[in-house]
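Notes for the one structure printed next.
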Amino acid sequence: MEITVTVNGQPYTRTVEPRLLLVHFLRDELGLTGTHWGCDTSNCGACVVLMDGVPVKSCTVLAVMADRHEIRTVEGLETSDGLDPVQQGFRAEHGLQCGFCTPGMMLTARWLLDRNPTPSEEEIREALSGQLCRCTGYENIVRSVRWAAEHEAAANAVSDAIPDQRADTAAPRTRSDSEVQA
């Protein structure tokens with residue numbers, strides 16, 4: 001079957017087997033290996049990607065089901081401005097050890113913060129409850145998401161406080177009669 005899927009803002013058209021899983025499409029067809037293939041039973045969450053902005057376990061989604069949808073992988077978190085605050089938080093708060101669960105954790109955290117910019121610890125834990133980590137004990141992961149929320153809120157507050165420079169240049173300034181005579 002021919003499908004067109006937009007992944008990290010880039011459209012891809014491929015002919016795929018109807019039974020091909022999205023995780024294998026991303027890894028094998030597109031070379032986006034940040035999406036991990038773990039348990040093969042949808043229990044671990046290592047394969048989580050965002051499909052139209054919602055976390056899905058790509059080991060349970062057929063690639064043909066993603067036709068005409070937008071997929072965001074961990075590779076799509078970083079922008080031209082740099083790392084996403086979630087990525088920065090995982091680095092700053094040591095939210096990863098082996099890193100196997102990290103891509104799914106980060107995408108789930110990004111989804112949570114997009115919906116709830118100031119989640120409580122309980123809300124973070126609930127959002128991440130479909131993800132397994134065998135290394136960290138989750139404390140550093142929760143701290144990483146809180147770090148991202150706090151730093152993202154601070155950055156938004158700063159950008160909201162900076163006046164829009166375009167207002168100053170929107171119309172040419174005319175001189176008053178007293179300024180012209182001076």
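The values are calculated or read from the model by the stated rules, or taken from the named source; none is laboratory data. All values reported here derive from a predicted model rather than from experimental measurement. Heads up, the Cβs are rebuilt from the backbone with ideal geometry, glycines too, and the neighbour counts pull from every protein chain shown. These area figures cover heavy atoms from the full protein model, side chains too; ligands, DNA and RNA do not enter into them. Shrake-Rupley method; radii C 1.70, N 1.55, O 1.52, S 1.80 Å.
A few remarks follow.
- For the chain, calculated [θ]222 nm from helices alone, where every DSSP H run of n ≥ 4 adds -39500 (n - 2.57): -10000 deg cm²/dmol
- Paramagnetic label zone (point 7 Å from Cα along Cα-to-C-beta, Thr4; backbone N under 18 Å) in the range 70-94: 70-72
- At a probe radius of 1.4 angstrom, the accessible area of the range 1-122 per residue rounds to 50 square angstrom.
- Pair Arg14, His69: separation of 7 Å Cα→Cβ label points (nm): 1.5 nm
- Compared with the dominant Cα axis of the chain, that is its longest principal axis, helix 102-115 is turned about 50°.
- Heavy-atom accessible surface of the chain: percent carbon and sulfur, 1.4 Å: 49 percent
- With contacts taken as Cα pairs under 8 Å and at least 6 residues apart, the range 1-59 reaches a relative contact order of 23 percent.
- Accessible area of His36 in the full protein assembly, 1.4 Å probe (Å², nearest 10): 40 Å²
- Paramagnetic reach from Thr79 (point 7 Å along Cα→Cβ, amide N under 14 Å) across the range 8-23: 9
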